[in-house]
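Reviewing the structure listed below.
The values are calculated or read from the model by the stated rules, or taken from the named source; none is laboratory data. Just so it is clear, the structure is predicted and the values come from calculations on it, not from any experiment. Quick reminder, even Gly has a Cβ in these numbers, built from the backbone with ideal geometry, and neighbours come from all protein chains shown.
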Amino acid sequence: MVRHNLTLSAQLTLILGAGLLLLGLILGAFAYQGMAKILDDALRDKAESLARQLSIVSVDALLIYDYGTLERYVTDLSKSPRLRYLALEDAQGRRLAEAGDTSARQSSDVIWIRQPILAANSRLGEVILGYDRSHVTTLLRSLMGWSLTGLALLLLLIFLLTRWSMRRFVVQPIQQLAESYNPLGGDQCPRIKEPLPEELRMISATFSRLCQEVQEHLLAREHSETQARSALERLMREQRLATVGQMAAGLAHSLNTPLGNILGYAQLAQRRDEGENLANLQTIEQQARLCRDIVNNLLTAVRPPQARMVRFDLSEIIQNTVRLTLPVLRQQGLRDIDVKTPESLFAFGDPAAMEHVLFNLLTNAVQAGATHVVIAVLAKETEIQIRMADDGSGIDAALQDRIFEPFFSTKEPGKGTGLGLHLAKTLLKEMQGDIRVEASDSAGTTFLIQILAAGKGA
């Protein structure tokens, strides 16, 4: 069985309506009885006055036994309006004269008056008079109709005024209290600015205190949960870094030996061969050095790196990186790389780390589907800005704040370690530089690299 709970406004309206209806019925009953008594008393006074007049004029006729005169008095007086019955009796109860409707004795709409006829303190007879009161009933009903109509209008006005007052000063403030104080749905506890009755003001103050306590508890819990999440993420990151550190140390030890051999044999071959293979041997040496630097830089993801800060030609590093990587990247879908840089622009930092950063960004652009990359260099007094823009798939705006976190990758599982951009940012930080991704409404991704300027040189 479904139970429907009435609102406070509906309950107060029902109680008020029932109370006013009961009050109207009680007032109507008292008014009816009061008006009936007033009209009956007025009619009775009139009937008694007629009876007294007849008793006075009948004294002489009774003393001389002039019954004809008595009959004439009765006949003439019976013609009075609303006089239903009139009779005279002597002291022995004998009917001396009679006029009117004798059946009126059984009617409830007749007022009966018995007026004694006295002379010298002697009872000579009695006047019996029946006065019609049916018009009083009609008049009473008419008056009651108008009175009840006026009373109903008055009670309706009282009902509306009282209902408005209750809604204005009781129901609405309570509704505002119920709707306003929701500590789970807002940042602050609202207060009702309108004046309230003393009782509701106390309730409002209590709600305010409870709301503040709940919000303080929620803020404290949210702060604790945030700290717990941060601590857990930091612990997991440290555990991953420790694991990768162990793997990287073993990998670096395993790869450094063959890479050292490759470098040694490449350098030896360059001294013995001055023909067409010299350029290829130089390329082998450069790439072997790059591999060695990459292996060593893998360790920077798990331990604080120490950059080799030197003055180097940034334009040459950019041109060499593009020249070496473009043939390989073209096989993966890249068409061209547009480089806008001065012929000679010197920066201060680690050239190997700079090559690694550029190589990582170019590789990421191709893996994101880019076919065209623009590298623009802008030199300022104390820093150099490198803006690298591609036309790839871009990075979701919701993920741009996390792409530099270690082990965070937007690539499919197994296609990325999540260390590339983190390592790039770490290396640039060690060179007192920085890297960030710029928001863009168009497709593609734009990275802005900042490094220290070292002045111009040849």
Task: Count - residues of the stretch 335-378 that are touching a strand residue (DSSP E or B) at 6+ places or on another chain (Cβ under 7 Å), free of Cβ contacts under 8 Å to residues at least 60 places away in the same chain and under 20 Å from residue 446 (Cβ atoms) - done: 14
- [ ] Go through the stretch 361-403 residue by residue and tally those that are buried (at least 20 other Cβ atoms within 10 Å of the Cβ) and of a type in the set (S, T, N, Q).
- [x] 1
Task: Given (1) touching a residue at least 40 places away in the same chain (Cβ under 8 Å); (2) in the same structural domain as residue 58 (by TED's automatic domain parsing); (3) part of a helix (DSSP H, G or I), number of the condition residue 163 does not satisfy - done: (2)
Task: Check on residue 137, within 30 Å of residue 22 (Cα to Cα) and either in contact with an Asp or Glu (Cβ under 8 Å, 6 or more places away or on another chain) or assigned by TED's automatic domain parsing to the domain that holds residue 63 (or both) - done: yes
Open item on the list: Condition (residue is touching a residue at least 24 places away in the same chain (Cβ under 8 Å), among the aliphatic types (A, V, I, L, M) and either under 13 Å from residue 437 (Cα atoms) or not assigned by TED's automatic domain parsing to the domain that holds residue 329 (or both)) applied to the stretch 396-408: is it met by at least one residue?
Closed with: yes
Open item on the list: Restricting to the stretch 94-109, give me the number of residues that are modelled with pLDDT of 85 or more and either at positive phi or in a strand (DSSP E or B) (or both).
Closed with: 5
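Of all residues being acidic (Asp, Glu) and surrounded by 15 or more Cβ atoms within 10 Å (Cβ to Cβ) in the stretch 293-348, which is modelled with the lowest pLDDT? Just the residue, please.
We begin by selecting, within the stretch 293-348, every residue acidic (Asp, Glu); these are 293, 313, 316, 336, 338, 343.
From what is left, the residues that are surrounded by 15 or more Cβ atoms within 10 Å (Cβ to Cβ) are 293, 313, 316.
Working: 293: 65, 313: 91, 316: 91.
Residue satisfying both the conditions and the ranking: 293.
Report yes if some residue within the stretch 77-96 is of a type in the set (Phe, Trp, Tyr) and either in contact (Cβ under 8 Å) with a residue 12 or more places away in the chain or touching a strand residue (DSSP E or B) at 6+ places or on another chain (Cβ under 9 Å) (or both); otherwise report no.
Yes, the conditions are met somewhere in the stretch 77-96.
Answer yes or no as to whether residue 50 is of a type in the set (A, V, I, L, M), part of a helix (DSSP H, G or I) and closer than 30 Å to residue 150 by Cα.
Working: of a type in the set (A, V, I, L, M): yes; part of a helix (DSSP H, G or I): yes; closer than 30 Å to residue 150 by Cα: no.
Answer is no for this residue.
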Task: Single residue of the stretch 192-218 satisfying the filter (over 26 Å from residue 10 (Cα atoms) and either under 19 Å from the mean Cα position of the chain (by Cα) or surrounded by 15 or more Cβ atoms within 10 Å (Cβ to Cβ) (or both)) that is modelled with the highest pLDDT - done: 218
